[in-house]
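These notes concern the structure reproduced below.
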Amino acid sequence: MGAVKELAGGVDLGKSAAVIEVSGLRMAYGQHEVLRGVEFSVAAGEVIALLGPNGAGKTTTIEILEGFRVPSGGIARVLDTVPARGDERWRARLGVVLQSWRDHGRWKVHQLLDHLGRYYEPYANPARRPFDTAELIEAVGLAQHAGRRINRLSGGQRRRLDVAIGIVGRPEVLFLDEPTAGFDPQARRDFHDLVHRLSDLDDTTILLTTHDLDEAEKLADRILILAGGRIVADGSADRLSRESSRDAQVRWSRDGEHFVHATQDATGFVRGLFEQHGDEIGDLEVRRATLEDTYMAIVKREEA
């Protein structure tokens, strides 16, 4: 890899097309090894969902990438910088939304966001200026509550503010840890629209953890499944489903009887059914493995 050079912006490991690079990452707490050689990379503008059972090491991985923890071994770098050595200029290029945040309850929404936005001004890239406060409040759906004290917000409104705090500096890389916990369905839909906008228009790279598999499928370009201390699956929801179970289930009824058949060629099988039985076929359904089916199968396989 070459010599590691200390620079003002952190540690330069040589330019790479990847915005996030993780190789052989290990983390142990005493005798308990949580991460055992985690490897993955993320390109600019990708939205990645990191899934895994409780205790799999998702939060540990995120905290290493944010610079809050130093790994026991391996390499992690974000924006060509070792996270634990990143300086303020590097940190200004990141956004972080934690699972909970309870400070500054007496501030009003617009006051806090305006105040935080000023911290990013000295480090701002002219092409990525911090969000205008009014624009940001509108984007997260808090326009009607801009003048309200934070300690008077509902749980869902508070969570929207958490997201606003994480993106106020218009980050190049955004880390989201269970971002929609406590959201109602409309707030969740609004948040999904915001994530797509950040990724599509601002080319923001997003790494999120979630237990909501439907959310992961809607938001992520790629899904990483962490189990047993390693990445055990990496791909789109469709690709993971195809690789996990190549067979589709065809269900139908005929003459009052119900039938189920597993096949790799559902289209050909259904065509044959109608050629043979025509209008006698009823209640036809073709079911492929869902992301939940795939996730459970992969995790159970690793646990076994």
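A Cβ distance below 9 Å, combined with a sequence gap of six or more or placement on separate chains, defines the contacts here; from the stretch 272-288, residues that are within 29 Å of residue 238 (Cβ to Cβ) reach residues that are part of a strand (DSSP E or B) and among the polar types (S, T, N, Q) in the pairs 281/253; 282/253; 283/253; 284/253; 285/249; 286/249; 287/249; 288/249. Each residue in the stretch 280-304 was checked for being modelled with pLDDT under 85 and either more than 30 Å from residue 54 (Cα to Cα) or among the charged types (D, E, K, R) (or both), and 9 of them qualify.
Yes/no per residue for (1) assigned by TED's automatic domain parsing to the domain that holds residue 119; (2) of a type outside the set (Val, Ile, Thr):
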position: 154; (1), (2): yes, yes
position: 180; (1), (2): no, no
position: 186; (1), (2): no, yes
position: 193; (1), (2): no, yes
position: 208; (1), (2): no, yes
position: 214; (1), (2): no, yes
position: 218; (1), (2): no, yes
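Here are 139, 146: which of them is farther than 29 Å from residue 217 by Cβ and outside the structural domain of residue 215 (by TED's automatic domain parsing)?
On the way: 139 fails: farther than 29 Å from residue 217 by Cβ.
Sole residue among the options that is farther than 29 Å from residue 217 by Cβ and outside the structural domain of residue 215 (by TED's automatic domain parsing): 146.
Considering 234, 203, the condition of being on the phi > 0 side of the Ramachandran plot and in contact (Cβ under 8 Å) with a residue 12 or more places away in the chain is satisfied by 203 alone.
Residues that are in the same structural domain as residue 49 (by TED's automatic domain parsing) and surrounded by fewer than 13 Cβ atoms within 10 Å (Cβ to Cβ) number at least 2 in the following helices (runs of 4 or more DSSP H) confined to the stretch 234-304: 291-303.
Among the residues of the stretch 166-196, the ones that are in contact with a strand residue (DSSP E or B) (Cβ under 9 Å, 6 or more places away or on another chain), closer than 19 Å to residue 63 by Cα and surrounded by 20 or more Cβ atoms within 10 Å (Cβ to Cβ) come to 10 in all.
Please go through the stretch 145-180 and give me each residue that is over 18 Å from residue 193 (Cβ atoms) and in a helix (DSSP H, G or I), ordered by number. 145, 150, 151, 152, 155, 158, 165, listed by residue number. All told, residue 43 meets the bar of being under 19 Å from the mean Cα position of the chain (by Cα), in the same structural domain as residue 176 (by TED's automatic domain parsing) and of a type outside the set (Asp, Glu). With the condition kept exactly as written, say whether any residue in the stretch 213-226 is small (Gly, Ala, Ser), part of a helix (DSSP H, G or I), within 21 Å of residue 38 (Cα to Cα) and modelled with pLDDT of 85 or more. Within the stretch 213-226, one or more residues are small (Gly, Ala, Ser), part of a helix (DSSP H, G or I), within 21 Å of residue 38 (Cα to Cα) and modelled with pLDDT of 85 or more.
Among the conditions (1) more than 20 Å from residue 165 (Cα to Cα); (2) at pLDDT below 95; (3) not acidic (Asp, Glu), the only one that residue 82 does not satisfy is (2).
The rows are residues; the columns are (1) basic (Lys, Arg); (2) farther than 22 Å from residue 203 by Cβ; (3) touching a Lys or Arg at 6+ places or on another chain (Cβ under 9 Å).
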site	(1), (2), (3)
119	no, yes, no
125	no, no, yes
130	no, no, yes
146	no, yes, yes
153	no, yes, yes
157	no, yes, yes
163	no, no, no
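Run down 121, 138, 178 and say which single residue is closer than 26 Å to residue 210 by Cβ and more than 19 Å from the chain's Cα centre (by Cα).
On the way: 121 fails: closer than 26 Å to residue 210 by Cβ; 178 fails: more than 19 Å from the chain's Cα centre (by Cα).
Of the residues listed, the single one that is closer than 26 Å to residue 210 by Cβ and more than 19 Å from the chain's Cα centre (by Cα) is 138.
Would you check which residues across the stretch 181-190 are free of Cβ contacts under 8 Å to residues at least 40 places away in the same chain and either closer than 19 Å to residue 209 by Cβ or not in a helix (DSSP H, G or I) (or both) and list them?
Initially, the stretch 181-190 is screened for residues free of Cβ contacts under 8 Å to residues at least 40 places away in the same chain, giving 182-186, 188-189.
Matches in the stretch 181-190: 182, 183, 184, 188.
Candidates are the residues of the stretch 197-215 that are more than 18 Å from residue 156 (Cα to Cα) and out of contact with any strand residue (DSSP E or B) (no Cβ under 6 Å at 6 or more places or on another chain); the one that is surrounded by the most Cβ atoms within 10 Å (Cβ to Cβ) is 198.
The values are calculated or read from the model by the stated rules, or taken from the named source; none is laboratory data. These numbers were taken from a predicted model, which means no experiment stands behind them. Cβ atoms come from the backbone with ideal geometry, glycine included; neighbour counts cover every protein chain shown.
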